Amino acid sequence: MTNDDQDRSDRAARAAEEARSAMAEREAATKATLDNMARLRALRLAREAAEPPRAPATKKARAAKARKPAEKTPALSDWLANQQSGGRRI
C-alpha cells in the first residue's frame with residue numbers, strides 16, 4: 001500500500017467520522033427543539049385551561065361615508081357619451 005492510498009483511506013475515515021458526529025449533533029438539536037415545543041405547548045394548554053373562556057370578539061360597525069349631495073356621479077349613458085365624444089373608443 002502506498003502513501004497516497006493510506007492518505008485517501010485516512011481522509012475517508014475522517015470524513016465518515018465527521019459525518020457521524022454532524023448527524024448526532026443535528027439529531028440532538030432536533031430533539032431539543034421538539035422537547036421545547038412540547039413543553040411550551042403543555043404550558044399554553046395549561047394556561048388556557050386555567051383562564052375563563054373569552055367572549056367572542058365583536059366586529060365594529062363601520063361608519064358609512066357621508067357623500068356630499070353636490071357630488072353626484074353622472075349616469076352611465078352620459079359618461080359613455082362623454083367618453084366617445086372625447087375620442088375614446090369603447
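The values are calculated or read from the model by the stated rules, or taken from the named source; none is laboratory data. Every value quoted in this text rests on a predicted model; they were computed, and no experiment measured them. Don't worry about glycine lacking a Cβ; one is built from the backbone with ideal geometry, like all the others, and counts go over all protein chains shown. These area figures cover heavy atoms from the full protein model, side chains too; ligands, DNA and RNA do not enter into them. Shrake-Rupley method; radii C 1.70, N 1.55, O 1.52, S 1.80 Å.
Taken along the Cα-to-beta-carbon direction at a fixed 7 Å, the label points for residue 9 and residue 81 span 10.0 nm.
Take the Cα atoms of the chain, build their convex hull, and give its volume per residue in Å³.
On the way: hull volume 29.9 nm³, N = 90.
Dividing the Cα hull volume of the chain by its residues yields 332 Å³.
Quote to one decimal, in nm, the extra length available between residue 32 and residue 17 on full extension: 0.36 nm per residue of separation minus the C-alpha distance between them. Write out the running numbers ahead of the final one.
Values: separation 15, 0.36 × 15 = 5.40 nm, distance 2.26 nm.
The span from residue 32 to residue 17 would gain 3.1 nm if fully extended.
At a probe radius of 1.4 angstrom, the accessible area of the chain per residue rounds to 101 square angstrom.
Ignoring ligands, DNA and RNA, what percent of the accessible area of the chain is carbon or sulfur (1.4 Å)? Please list the in-between numbers first.
Values: 5010 of 9060 Å².
With neighbouring chains kept in place, the figure for the chain is 55 percent.
Computed from Cα atoms, the angle from the helix 76-85 axis to the main principal axis of the chain rounds to 90 degrees.
Please give the net charge around residue 48, taking every other residue with its beta carbon less than 13 angstrom from that of residue 48, where Lys and Arg add +1 and Asp and Glu add -1. It would help to have the intermediate numbers written out before the result.
Numbers: positive: 41, 44, 47, 54; negative: 51.
Surrounding charge for residue 48 is +3.
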